[in-house]
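What follows is a set of notes on a single structure, which appears directly below.
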Ligand SMILES: Nc1nc2c(c(=O)[nH]1)N[C@H]1C(S)=C(S)[C@@H](COP(=O)(O)O)O[C@H]1N2
Ligand SMILES: [Mo]
């Protein structure tokens, strides 16, 4: 059904082609007609792009985890790349800087072999779509942020003293994309969903055998135009690292709901349990009574014993400055701009501080404190943004005087939620949206 491009040289070529804005079809045509030389000519030959690995390297060493170049990003884990949020300034995150959260290596799937199967006991009309079939459906374009449930986990260790498990993302697991997507409503209309439908499962199983997660049908039906199947990112065919050729897009929910390399949708009268909403991406702790499974439910790669908490769904209101967080208690990831315990240094004098704030419901205001939380003022919101499912940039003037300072930001969303100073403990440290404290040394 799919084809993995295991040849690393071909992967690099495909990566280059995508950076150059070539479609998969153009890429294959050029490769077929003129070989590597024709392709490189079409892509240009920028030296900043990765070179094919040395032929002497072993097959295992050649296995690439990502299609795009890792170097511009922070390496949080072997399969996780974080955005350099301290360098961010744009509203739409460039693909080169867009965070990647994988459990396995990114598979490269050729659109012409890709199929989407829609089945289940709660539809009347099972359906199978090719890439062309999908692209023939009405498509929409929208700017939406993607955020991992683990974004901000660092604050558990650094500010709350909580001993949690998971990647040390800082604020590197949030990015803003401009997506082309087919609204899920288009699919639902065609398969004729029965009123008995209880859950919709987005499934891949292509990157590894156990990737996918369900949503309650009520949640899907509440937003048939917003939830969708994304095939484009930043006006290019969806990049392989971000789930190309097609991924689920569930704005407002943590990234885990937006299943990449989508191959299957199942709409069922029963409930599904997957790793991506039970032992991972779940609120687990004494403040969260675990969900209950039924023996008749379908367990995909997990057992009833893995249902340990509450599968995380909606994101919450957050904000951060474009300054690296000091990591004292936790160990900084690879290529993090600061060493453990190191404090960022800025020059004394008047300056403009910048940041980003996000919420599924849109950001209403951002307050800041430059005196460790004694006094607060309102920051200026920088258009565009601030609507539902989008982030917004903000800035404020600061006259930096020599010495140590703690800067804080506190966003309030359009639903009236304000970032708290603390949250109850959860084992995976997810959805940590406490008011962040940024230490800086002014010299
Ligand atoms: N098939 C598959 N889909 C997946 C994942 C994965 O590991 N496999 N990771 C999820 C998680 S946890 C997040 S945060 C988002 C990240 O999307 P991005 O890599 O495009 O930023 O993809 C989600 N979809
Ligand atoms: Mo995630």
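Laboratory data are not the source of any read-out in this text; all were calculated from the coordinates shown. Remember, predicted model here, so these are calculated numbers, not experimental data. Heads up, the Cβs are rebuilt from the backbone with ideal geometry, glycines too, and the neighbour counts pull from every protein chain shown.
Which percentage, to the nearest 5, of the DSSP beta bridges contained in region 272-378 is antiparallel?
Bridges in region 272-378 that DSSP calls antiparallel: roughly 75 percent.
On the principal axes of its Cα set, how long, how wide and how thick is the chain? Give whole Å, largest value first.
Principal extents (largest minus smallest coordinate, Cα): 64, 56, 40 Å.
Given contacts defined as C-alpha pairs under 8 Å and at least six residues apart, what's the relative contact order of region 81-150, whole-number percent? Write down the numbers at each step before the final one.
Values: 37 pairs, mean separation 15.6, N = 70.
Relative CO of region 81-150 lands at 22 percent.
Gain in length, residue 87 to residue 345, computed as 0.36 nm per residue apart minus the alpha-carbon separation, to one decimal in nm?
Values: separation 258, 0.36 × 258 = 92.88 nm, distance 1.46 nm.
Answer, rounded to one decimal: 91.4 nm.
Name the residue, out of 387, 26, 178, whose mean-square fluctuation peaks in a Gaussian network model built on the chain with Cα pairs under 10 Å.
Maximum among the listed residues: 26.
Extension gain residue 380-residue 195, at 0.36 nm per residue separation less the Cα-Cα distance, in nm?
This chain segment gains 61.9 nm when fully extended.
Which whole-number percent gives the relative contact order of region 145-296, counting Cα pairs below 8 Å spaced six or more residues apart?
Values: 262 pairs, mean separation 38.4, N = 152.
Relative contact order for region 145-296 comes out at 25 percent.
From the gyration tensor of the Cα coordinates in region 338-386, what semi-axes in whole Å does the equivalent ellipsoid have, largest first, with each one equal to sqrt(5λ)?
The answer is 24, 15, 13 Å, longest axis first.
What's the exposure ranking of 327, 146, going from fewest to most Cβ atoms within 10 Å? All intermediate terms of the calculation are to be shown ahead of the outcome.
Details: 327 20, 146 28.
Final ranking by Cβ density, sparse to dense: 327, 146.
Over all directions, the average projected area of the alpha-carbon convex hull for region 378-443 comes to how many nm²?
So the Cα hull casts an average projection of 6.3 nm².
Suppose the chain between residue 163 and residue 29 were pulled fully straight at 0.36 nm per residue; how much longer would it get relative to their current alpha carbon spacing? If you can, show how the numbers build up before the last one.
Details: separation 134, 0.36 × 134 = 48.24 nm, distance 5.24 nm.
Computed gain between residue 163 and residue 29 is 43.0 nm.
Take each of the peptides 240-247, 189-196, average the number of other beta-carbon atoms within 10 Å over its residues, and list them starting from the highest.
Put in order of decreasing packing, that is 240-247, 189-196.
Please report the projected area of region 201-269's Cα convex hull averaged over all directions, in nm².
Averaging across all directions leaves 4.8 nm² for the Cα convex hull.
I'd like the distance separating the alpha-carbon centroids of region 94-124 and region 133-192, in whole Å.
14 Å
Set the Förster radius R0 to 60 Å, insert the Cβ-Cβ distance between residue 121 and residue 38 as r into 1/(1 + (r/R0)^6), and round the FRET efficiency to 0.05.
Here the calculated transfer efficiency is 0.75.
If packing is taken as the average number of other Cβ atoms within 10 Å across a peptide's residues, how do 340-351, 413-424 rank, most packed first?
413-424, 340-351
Pairs of Cα atoms under 8 Å, at least six residues apart: use those to get the relative contact order of the chain, whole percent. Mind dumping the intermediate values first?
Working: 1065 pairs, mean separation 67.7, N = 443.
So the answer I get is 15 percent.
So for region 178-307: antiparallel DSSP bridges make up what percent, rounded to the nearest 5?
90 percent
I need the Kirkwood Rh of region 117-245: take the reciprocal of the average 1/r across all distinct C-alpha pairs and report it in angstrom.
In region 117-245 this quantity evaluates to 16.9 Å.
To the nearest Å, what is the center-to-center distance of region 309-371 and region 208-283, using C-alpha atoms only?
27 Å
Express the Stokes-Einstein translational diffusion coefficient of region 275-356 in µm² s⁻¹, to the nearest whole number, given a Kirkwood radius over alpha-carbon pairs, 4 °C and a viscosity of 1.567 mPa s. Please report the intermediate quantities before stating the final value.
On the way: Rh = 16.8 Å.
Roughly 77 µm²/s, to the nearest whole number.
Rg to Rh ratio, region 87-156, alpha-carbon atoms and Kirkwood radius?
Checking Rg against Rh, the ratio lands at 1.07.
How many nm is it between the label spots at residue 329 and residue 235, if each spot is 7 Å from the Cα in line with the beta carbon?
The answer from the label model is 4.4 nm.
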